[in-house]
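The values are calculated or read from the model by the stated rules, or taken from the named source; none is laboratory data. Just so it is clear, the model here is predicted, and its values are computed rather than measured. Positions of Cβ are backbone-derived with ideal geometry, glycine not excepted, and every protein chain shown enters the neighbour counts.
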Amino acid sequence: VALCRLPDPGTAPGPCASGSADVTVWLTSNPPDYANGKAHAYGPGGSFEVELVLNPVIDGDTDCRDVACGVTTRSDDRAPGDRSQDLVVPVTFSNGMSSDVTAGPQDQATGTQPGASSSGTPLWVWLVAPAVAIGAIGAVVVLVIRRRAIAGIATLLLFLISACGTSAAGDVVPSATPTGELPVTVRSAEGREVVVTSNTRIVSLWGNVTEVLFALGLGDNVVGRDVTSTEPAAAAALPEVTRAHDVSAEGVLALNPTLVLGSLQNSGPEGSLDHIRNVGIPVVLFDDPASVEEIIPRIREIARTVGVPERGEELATDTQERLAEVEQAIPAGFDRPTVAFLYMRGQAGIYLIAGPGSGADSMIEAAGGTDAGSAMGLEYPFTPITSEALAEAAPDIILLTTTGLESVGGVEGLVGIPGIAQTPAGRERHIITMDDGLLFSFGPRTPAAIEELSAAIHQWAGANQ
């Protein structure tokens, strides 16, 4: 690992700092016994980490305040002819010129894009990332190298312990200037204490967290999202950093976040979150609310985490008032029908009835119904459907998500499932469907969701009471 002058794309960096020049000074490393230029195996998780002090003058001659420089790595000293996994990260000293290296991997001899390189053909891999700005007299940086399983290419990331600015290419680099009442120390749902210093570039990894952020007026601060974050429409237009439901650490870090927020139950895998934490990005997870009663505390918790507690109190009060209005609209003396929420994924053969703690029970009760699963004494949030269980539940109404009903072939497919047609709801085709994201949003949109569900329940009641 060394600080080198950056040449034209397609040629090797140089000159580079030697160990005796006190330019690239190692403070710590992982594995800790790496020393004297001896190659060492990667550490846990396929990583190698080194903490460095960089000074701008290379070997008393090349001044990185006047020319473009970058931190470079050689993957394996035992194979000096193979440079295919070397990496370069541009570095800018604050009172000097900016590096502007945007070329992708190129063959040193021909300048062609990689893909059919023979062994012995040296390749320099330029990391596609903004130049990093550091102080004019040097700074402590942490260099994290993680080997990818794909194509054997490593990923190199730089995290500055000092403040960052804007790259020469115009890319936004996290600012150390906080917005709102920050810094603040919060406890993430998995138990870690996390210091949040900036809310300027947030990546949100769960839909109802994203909805709260936008409702707090921080939509412009959200720079990335997961697959569930589709509301409001502005959120759906943001870069997605998940593959299916798995978080891509590289995708998150490419957005230069100052804060990552997510769900304890649904954001992962844990290895990806640890990757983000290890680079120095605060990661705060929240417990998913499983009832209407948990919405207000959750809004306040998110607002405090992002440094806008006053906005959080305003949003919490507004949401509470709208929930109360929906509750008051339910007629006094209303004979509550029994409503069973069925979780269906027909392609996978998953058929479940909801019970206490499912979230559906709370929504049904708030909308003026009686949750069938809770009423029949189910112990778990979700229980496999049997003909006997359906007969005992005897729901007046069956509630499903829109995609759930579609997965079993619509209403006719639903009543073809053993036991459904024998229930009052199945016989009379009393079926209610709601948008998946709305029904279980448990956030600022929940009053509207309860109002929609309540209207459907009352429509049934008007026809049957």
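Figures for the structure shown
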read-out: Total residues in the range 256-300, condition part of a loop (DSSP other than H, G, I, E, B) and buried (at least 20 other Cβ atoms within 10 Å of the Cβ); value: 7
read-out: Residues of the range 243-255 satisfying the condition of being under 10 Å from the mean Cα position of the chain (by Cα) and assigned to a strand (DSSP E or B); value: D246, V247
read-out: Residue list for the range 396-417, filter: more than 20 Å from F440 (Cα to Cα) and either assigned to a helix (DSSP H, G or I) or among the hydrophobic types (A, V, I, L, M, F, W, C) (or both); value: V408, G410, V411, E412, G413, L414, V415, I417
read-out: Residue satisfying all of: in the range 181-214; in a strand (DSSP E or B) and of a type in the set (S, T, Y); farthest from L438 (Cα to Cα) among these; value: T185
read-out: Qualifying residue in the range 236-246 (condition: modelled with pLDDT of 95 or more, closer than 19 Å to A303 by Cβ, touching a Ser or Thr at 6+ places or on another chain (Cβ under 9 Å) and surrounded by 15 or more Cβ atoms within 10 Å (Cβ to Cβ)); value: no
read-out: The range 296-321: number of residues that are of a type in the set (A, V, I, L, M, F, W, C) and free of Cβ contacts under 8 Å to residues at least 24 places away in the same chain; value: 1
read-out: Hits in the range 356-395 (condition: assigned to a loop (DSSP other than H, G, I, E, B) and over 22 Å from A421 (Cβ atoms)); value: P356, G357, S358, G359, A367, G368, G377, E379, Y380, P381
read-out: Top-ranked residue in the range 301-327 [being part of a helix (DSSP H, G or I), surrounded by 15 or more Cβ atoms within 10 Å (Cβ to Cβ) and among the small types (G, A, S); ranked as nearest to the chain's Cα centre (by Cα)]; value: A303
